[in-house]
Ligand code: MG
Ligand code: MG
């Protein structure tokens, strides 16, 4: 579960690639573009840097349809695992993009919620609050705290204003996209989880809904939508626990707090 300094160097490179792609996508995701176009741009950039899109053909269990795209593209009431389509982005859309790469055998994983043009202020606040909760959760990732403290901090920061999705969670990352431990986004007093130690690499990813926490998986087997049809957002960073401050491996420079 813990990475040595050489492995951490590889993970920094994977994280940096993901961050660079997101910083490029910030100039691309706007009204008129389609999910398929953005998917192609992301995939081309991943491959041009000698990496592989980690989500493409990803099949967590046999019997599941492999994921068809390089990015997850989840619009409005879609929470996570949305499949890019030819539907055109319009003003007011909220789009969560999740992106995974494999570079030199090490994975990078991060998600960003795009607020396109004039988004409902309530939804904008939810997204900002979620980003803030992710930031606060990252700050407590120091040796001696527990994995369970992460969800506790996310729930505490959001102060019961929103629905915290419970069926999906964050995870360890390394030479596999999903490693132990699982990292839930809510407080579970019965589940403290392992103690955080220097060398752990974690993907922390709150998925937050404006209404109910309940979600439904659509017939395509992938797209997760809110049960009440209300908007959702998803923020994720991959971080390394160190003996000092945690390192945000997928840092895009878009945290404006602290
Ligand atoms: Mg992700
Ligand atoms: Mg993840």
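What follows is calculated from the coordinates using simple rules that are stated; it is not laboratory data. Predicted model, so just to flag it, every value in this text is computed and none were measured. Positions of Cβ are generated from backbone atoms using ideal geometry, with glycine treated the same way; all protein chains shown enter the neighbour counts.
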* Structure fact -> Sorted largest first, the C-alpha extents of segment 5-248 along its principal axes in whole angstrom are 47, 43, 37
* Asked: For residue 4 and residue 16 in the same chain, what is the full-extension length gain: residue separation times 0.36 nm, less their Cα-Cα distance, in nm?
  -> 2.5 nm
* Structure fact -> Largest fluctuation, 208, 41, 164 only, Gaussian network model of the chain with Cα springs under 10 angstrom, belongs to 41
* Structure fact -> the chain: antiparallel bridges as % of DSSP beta bridges, rounded to 5, reads 100
* By count of other Cβ within 10 Å, fewest leading, how are 107, 168, 55 ordered? -> 168, 55, 107
* Asked: Among 74, 69, which comes first, then next, by fewest other beta-carbon atoms within 10 Å?
  -> 69, 74
* In what sequence, highest mean first, do 123-131, 234-242 appear when ranked by Cβ atoms within 10 angstrom? -> 234-242, 123-131
* Relative contact order %, segment 6-138, counting alpha carbon pairs below 8 Å whose residues are six or more apart -> 27
* **Per-residue [θ]222 nm for the chain (sum of -39500 (n - 2.57) over DSSP H runs n ≥ 4, rounded to 500)** => -8500 deg cm²/dmol
* Any idea what diffusion coefficient segment 17-85 gets from Stokes-Einstein, in µm²/s, Kirkwood Rh on alpha carbon pairs, 37 °C, 0.692 mPa s? -> 257
* Structure fact -> Least to most buried among 18, 142, 224, by other C-beta atoms within 10 Å and fewest first, runs 142, 224, 18
